[in-house]
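Here the structure comes first, spelled out in C-alpha cells, and everything after it is commentary.
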Amino acid sequence: MINKVIAALAVASAAVLGQGLALPASAAVLANPDCQNNHGYQTVVTTAPVKAFDGTRVGTVELCREGSLYFGFVLYNQAMTASQYAHGYLERYHNGGWVGIVACYDTAGGGNGRVEPGQRRCWTANLNGDSTAYTFVASSHQFSSHTGALLASGYTVNTR
C-alpha cells in the first residue's frame, strides 16, 4: 500500500513540476526522502544504517554532495518520541587527518537543527570539498533526553 502511495506521489510530482508548480514539501519528502537540504534534493554519495545497540536499524545517515559542497543527512524510520532527540554530523579529513566538523545544529552554515521530538530528519551545515585531498564521514547519534544515554548511532565510510 505504501509503495503505491509513494509511486502515485512521484507521478503527481512529475506532472505538477512539469507545469512549473511547486509541490508541497510534505509530498516531496515522501516521494524522495534522500539528501535533502535547504536547496532541495542533492546527490547521495554514500549511506549507512543508524542502529540501536541490539542491531535494529532505526534510520539512515547519508553523505551528500551539492556541487563542491558536502553535507550530512539523517533520516530516522520513526519520529523521535518525547524522550528522544538525534544529531547529525559531517567530519572533514585532509590527507587522512581530521580537520573539522559541522552539525545539523549549525544553522548559520546551512544546517536545520537537531532532530527533535515529532521529527525524523536533519541535515548538517555544508563543508567545501574543492580539494581532492578532502574526504568526509557523515554520522548520527540518537539520545535519551531524560538520561542522556546513547540509544543508536551510525557512520558512513570515509569517502569523497
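All of the numbers you see were taken from the coordinates with simple rules; none came from a lab. Note that the structure is predicted; figures quoted are calculated from it, not measured. Neighbour counts are summed over all protein chains in view; Cβ atoms, including those assigned to glycine, are modelled from backbone coordinates with ideal geometry.
Convex hull volume of the Cα atoms in the range 78-160, per residue, in Å³? List each step's numbers first, then the result.
Numbers: hull volume 7.8 nm³, N = 83.
Measuring per residue, one finds 94 Å³ for the Cα hull of the range 78-160.
Can you work out ³J(HN,Hα) from phi for every residue in the range 33-47, in order, using Karplus 6.51 cos²θ - 1.76 cosθ + 1.60 and θ = phi - 60°, giving whole Hz and x for Gly and Pro?
Rounded to whole hertz, the list is x, 8, 6, 8, 9, 6, 10, x, 9, 10, 7, 7, 8, 7, 10.
For the range 59-105, what does the convex hull of the Cα positions come to per residue, in cubic angstrom? Walk me through the numbers on the way to the answer.
Working: hull volume 4.5 nm³, N = 47.
Roughly 96 Å³ of hull volume per residue.
Taking the mean number of other Cβ atoms within 10 Å as a proxy for protection, how do you rank 152-158, 70-76, 38-44 from highest to lowest? Before the final figure, lay out the partial values.
Numbers: 152-158: 18.3, 70-76: 26.6, 38-44: 13.7.
Averaged packing, sorted descending, gives the order 70-76, 152-158, 38-44.
Taking neighbour counts of Cβ atoms within 10 Å as a proxy for exposure, in what order, fewest first, do 54, 130, 106, 34 appear?
54, 130, 34, 106
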